[in-house]
Amino acid sequence: MQKVLRKRVFRNLRKHFIRYFMLGIMIVMGIFLVVTIVGSGETLSRGTVKLAEETNLEDGEFEVFVPLNDDELSHISDMGVEVEDQFYYDYQMPDEDKGTLRLFKIRDKINQLHYIAGNEPSDKNEIVMEKRYAREHDLNVGDEFDIAGVDYKISGIAVVSDYDGPLKEISDTSCNSKYFGLVFLTKEAYEEFRKSGKAQKTEDYLYTYKLGTTTEDADLKNYLKGLKIDASEVDDELFQEYWDRTGGVEDELKDAVKELRDATQDVRDALKELSKNNYDINKATGKILDSYLKQTSEALNSYGMNVSLTEDNYDKELDRIIEESDNAIMRMSLKNTKYEIDNVKEYKDGLESYTDAVEEIYDGTDDMADGVKDLDMAVNDALDGFDFGLSDLTAFLKRSDNPRIFATKNDKLVDIEVGVIAGVIMFILMAYVISVFVVHSIETESSIIGTLYSMGVTKNDLLLHYISLPVVVAFISGLIGLLVASTGIMAPMVAESSYLYFSIPEFSFEVPKYLIIYSVVCPPLMAVIVNVLVIRSKLNRTALSLIRNEVKQKKNNKKVSLKGMDFVKAFRIRQMFKEMRSTLAVVLGMFLALLIFMIGVDCFTLCTNIAKDYTKDTKFEYMYTLKYPEKKAPSDAEAAYAYTCKKSAMGYNFDVTLLGIDDNNRFFDVNPGKSRTEVVVSSAFAEKFGLKKGKEFVVVDDEKEMRYAFIVGDITSYSSGFFIFMDIDEMRDMMGETDDYYNVLFSDKELDIDPGRLYSTTSRDDIVKGASVFTELMMPMIYTLSIASSVIFCVVMYLMMKVMIDRSSQNISLIKVFGYRRNEIRKLYLDGNFYIIAIGALIVIPLSKIIMNNMFPFMIANVTCGMNVKTPIYFYFIVYGVIMILYFVINKLLVKRLDKYTPAEILKNRE
Amino acid sequence: MYVEVSNVKKSYGEGGSYVQVLKGVTVGVEQGEMCVIQGASGSGKSTLLNCIGGLDDIDSGSCKVDGLEIAGLKQDALSDYRRDTLGFIFQFYNLVPNLTVRENIEVCRYLTSEPLDMDELLETLGLSEHADKFPSQLSGGQQQRTAIARALIKNPKLLLCDEPTGALDSNTSRDILILLEKINEKYGTTMLIVTHNNSIKDMVHRVIYLKDGEISREYTNSNRIPARELEDL
């Protein structure tokens, strides 16, 4: 039976060649699309991983103030960690662009160089240039290159895996190889450069490490954090100035308390000594006064005056005697005597007051000594609580936290996700188109199937017969799609932007095994599944039912009364109802094709919105991230406090910046309030993490091993990064910083800041350019998606509309018999589709966009940006217009097809 | 002669599958005549009807209707010929299932600027009360009457009927034939009826027999029996 039926397969293929050809084109395009996008992503992703293995990519890196000594290195080695020093200098080129070259020694073990051209330097006069910088400046092997007045010959062009994404600073938002590149010198040349003193900044003591089997990053980090140094060992004046102001307070505090304690003791001892003589002094002074009074009393008594002068009465008695005396000499003498006694008494009283005071002070010094003792203890306790010791470690970066490493791979994740999802939608679309074909074929051949049934042919025989053609077409098309894509015809275009941005070698396009299986197994498998499901349900009817081609009448068709309506309109409406399933097929096909198209649209919209929003939201011209800030911020800049935490979403960990600002910061339209919990977040942050006003969220501080919980108080329109805005004073307080601490400066003009104080400088131009990089990187994929989805869209529309017309072939033949002309037939059978497409497009364009908007965040889960995929309204009109134009083109093609339906068709099928 | 068929030959297939269906048929029908073409299966009667209707082209010979040579006409001209001159009635009605009776008839009324009156035609054919029904809601006879109404609405000069009663029972067949007779009398429509039914020949003006692609016999029926009196339908 199968042998006989197989003959029909070829005849069916011939008969419906266009249909199967178009189906094949759709599958070829779909597979080509997926294999090209995903394959290209995988090629770059796997290529960089392989390169990392070959060049012994670091597990992480750290920087220190003072190079590690032999003991420390030996200890790290004992931990099972391999370390290599990869110290570097940043040298600012004297040209007008002021590009920066990062000078390294040639690496021995970790992060080895992979040469694109040439080879390693043979002597100190030769250098190796990093690929992207060399390309940007058109430098080639053999060229001379001047660094700090020394001419070097370029012996090689190379890439290194630790600068896959050649970011100058890890906080940079984008790479700019025109202004930043790496140069590798011989050890000798590096030493000469060191001695020349031509670097603008001090040497960075960077170490890279490879972990052993038992050691983890945290173990190494803890060890390094424990390495303390004397601040004076640090060879950086700016650091010293900063350290004196901040980190050196412990000694000052301790010394001050000690001095206070010593001084208190001295005072105490002195007062004690002083107190000891108080009694004798007072006693002696009393004796002098008593002696004076006694002598004066005796003298007066010798003159016959019975007087006994005391300390209490001498004043009155002497005044009385002076008053009563007639002798002027006597009066004068007594007055002098009284004056002397007054002085002695005054001295005695003063001395008593003094000794009383000394006594009191001495008593007070006990309390004072106790207080100083308490202060001393408290200061010591406080200082013990805080680690004022200077850790040698200045930065520690695990491989996974380093944005330079696997930057290409991370970027390509988006391509892969997008390609895979486009592939899934494509298969749904393919399955759908096949199912429509199958249903149409079975309905057309219903009487044949019924006849074969009645003659004893089994359902399985028929199943096998009907699935063979679509399965073979799906298999061959998948294979062709795979083979065409495997040639890498479009891969260079898709990968080109990556090669022009990342510092990676060019990899040959390779199709991973899973894509091969996907391409050759999935299409036929999908065809088998769809066919089996659809055919089985269709073949469940009785033989007689099939012979009669009984079709269930649609009840609503009968209910619609079009009495009095213009014939052509009524006919079209009836036709629409009759072909409701085909109508829905066209609309659904349009929807699925648009869904793929919308992936490209969302990519494009996101990129352009980022570029636009970054430009709009970035109000400052310069942002300086400071390593050693001056005590007082420049008056023409806005000081802020930035602190980086982490927050995860959809399996990826993102940096989130807590930014403490004043409420009148002119560069951010934010009122941060005075709360530590209720904060303002950037719109990009809210979009990425799905936050709404009033919602709680937590960020993680890996450095301090803490978690901070906040409530979204407000969302501000700010797209350039994930920011949590809060009041700078509250943030200083929360983070235990001083009242005047800041580490970021925002300014509307370039500030004169010593480069040594800076971690990084970000200009508005950098941010704007960084934003446009997204577009440049994604454009090839957007083009590929747009072109392929447009082709798929046209094919699906054509096939669906063709099926729709084929289903009406009998009626078209019939009205041809009556004398209808081609244009009139078109008016009745094709023009009615206009309304379907017009209304269907109105529904499915926004619908597909909404659905894709909800799916899209999962496709770009690893990308650090907001989710602004809002599309301007004119876009919808353009898409709508293009769909209608496509419809008219397809309509035009199908009009020619009307000629194929001859009037004789109706006569052939009369029995 | 209104219909003039001269030495028409028609064949299908090639090589081993070559079949000559019409082997030089020559026949004529006067305007206003009802003519029956009879013959065994495969005799070529439907092919002859299709050739006259411009649905099938001929290999050689001449086929003229009202002086217009059908052979060699292009598609557009053939469409004009069919819309201006012909009406078709099929054995299996070929109504558009999703159009009502009235809408099915309008399919052909749309083609002419001088159609017959729709309501009068519906009345004549006994379809007034079914005008807004769909074909699936009608009996076989009602469906065939609808097909006839559709064919007649544009008042064709020539009505080609291919087994018009082939799918109907005896009583319904009689009703249809009475109707055709009435139309012929009322509008003077020339009719060519292909049928296996031997009784129909008694009601028409001319009878043509085809055998193996050739006219085996033809005669004018001088003793016509009204359709209502026909037996063994």
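Miscellaneous remarks
- Inter-part distance where the stretch A:169-231 and the stretch B:87-146 are each reduced to a Cα centre, Å: 92
- Helical segments meeting 24 Å axial Cα length and Kyte-Doolittle 1.0 threshold in chain A (DSSP H): A:17-54, A:407-444, A:459-486, A:513-538, A:580-617, A:764-806, A:831-859, A:873-898
- Residue (of A:Phe17, A:Leu167, A:Ser446) at the positive-pole extreme of chain A, dipole from beta-carbon charges: A:Ser446
- For the pair A:Lys258 and A:Asn222 in one chain, pulling the backbone fully straight at 0.36 nm per residue adds 9.7 nm over the alpha carbon distance.
- Straight-distance crosslink candidates among lysines, where the alpha carbon sits under 23 Å from B:Lys10 and sequence neighbours closer than 8 are dropped: A:Lys816, A:Lys900, A:Lys908, B:Lys23, B:Lys45, B:Lys64, B:Lys74, B:Lys211
- Within-12-Å neighbourhood charge of A:Leu300 [Cβ basis; K, R +1; D, E -1]: 0
- Kirkwood radius for the protein assembly as shown, taken over all pairs of different Cα atoms as the inverse mean of 1/r, rounds to 39.7 Å.
- Farthest towards the positive end of the charge dipole of the stretch A:251-387, among the residues A:Ser297, A:Gly286, A:Leu351, is the Cα of A:Ser297, using unit charges on the Cβ of Lys, Arg, Asp and Glu.
- Projected area averaged over orientations for the stretch A:622-749, convex hull of C-alpha atoms, nm²: 7.7
- Dipole of chain A, positive direction: furthest Cα of A:Phe145, A:Ser683, A:Gln240, with charges on the beta-carbon: A:Ser683
- Pairwise centroid distance, computed over Cα atoms, of the stretch A:673-701 with the stretch A:98-129, Å: 45
- Extension gain from A:Asp71 to A:Asp754, taking 0.36 nm per residue of separation minus the Cα-Cα distance: 242.4 nm
- Around the Cα centre of the stretch A:79-208, unit charges on the Cβ atoms of Lys, Arg, Asp and Glu (plus for the first two, minus for the last two) sum to a dipole of about 100 debye.
- Rounded to the nearest 20 debye, dipole of the stretch A:251-387 from Cβ charges on Lys, Arg, Asp, Glu: 1200
- Exercise: per-residue mean of other protein chain Cβ atoms within 10 Å, B:108-114: 3
- Full extension of the segment from A:Asp108 to A:Met884, taken as 0.36 nm per residue of separation minus the current Cα-Cα distance, would add 273.0 nm.
- A:Arg6 paired with A:Gln265, simple spin-label distance in nm, labels 7 Å along Cα-to-beta-carbon: 11.1
- Net dipole in debye of the protein assembly as shown [+1 Lys, Arg Cβ; -1 Asp, Glu Cβ; about Cα centre; nearest 20]: 14320
- The calculated FRET efficiency for the pair A:Glu360 and A:Val768, based on their C-beta separation and a Förster distance of 56 Å, comes to about 0.15.
- Within straight-line cross-link reach of A:Lys563, lysines at Cα separation under 22 Å, skipping those fewer than 8 residues along the same chain: A:Lys554, A:Lys555, A:Lys578, A:Lys827, B:Lys133, B:Lys154
- Here the spin labels are modelled as points 7 Å beyond Cα on the Cα-Cβ line, and at A:Glu273 and A:Val700 they lie 6.6 nm apart.
- Set A:Lys693/A:Lys849; A:Lys124/A:Lys225; A:Lys276/A:Lys338; A:Lys674/A:Lys695 screened for pairs whose C-alpha atoms are more than 27 Å apart: A:Lys124/A:Lys225; A:Lys276/A:Lys338
- Principal axis dimensions, the stretch B:185-227 - Cα atoms, whole angstrom, descending: 35, 19, 18
- FRET efficiency for the A:Thr864 to A:Ile787 pair, using the beta carbon distance and R₀ = 30 Å, is estimated at 0.55.
- Helical runs (DSSP H, four residues minimum) scored at -39500 (n - 2.57) apiece and divided by the length of chain A put the mean residue ellipticity at 222 nm at -19500 deg cm²/dmol.
Coordinate-derived values only; no laboratory data. Treat the numbers as computed from the prediction; the structure is a model and nothing was measured. Here Cβ is always computed from backbone atoms with ideal geometry, including for glycine, and neighbour counts include all displayed protein chains.
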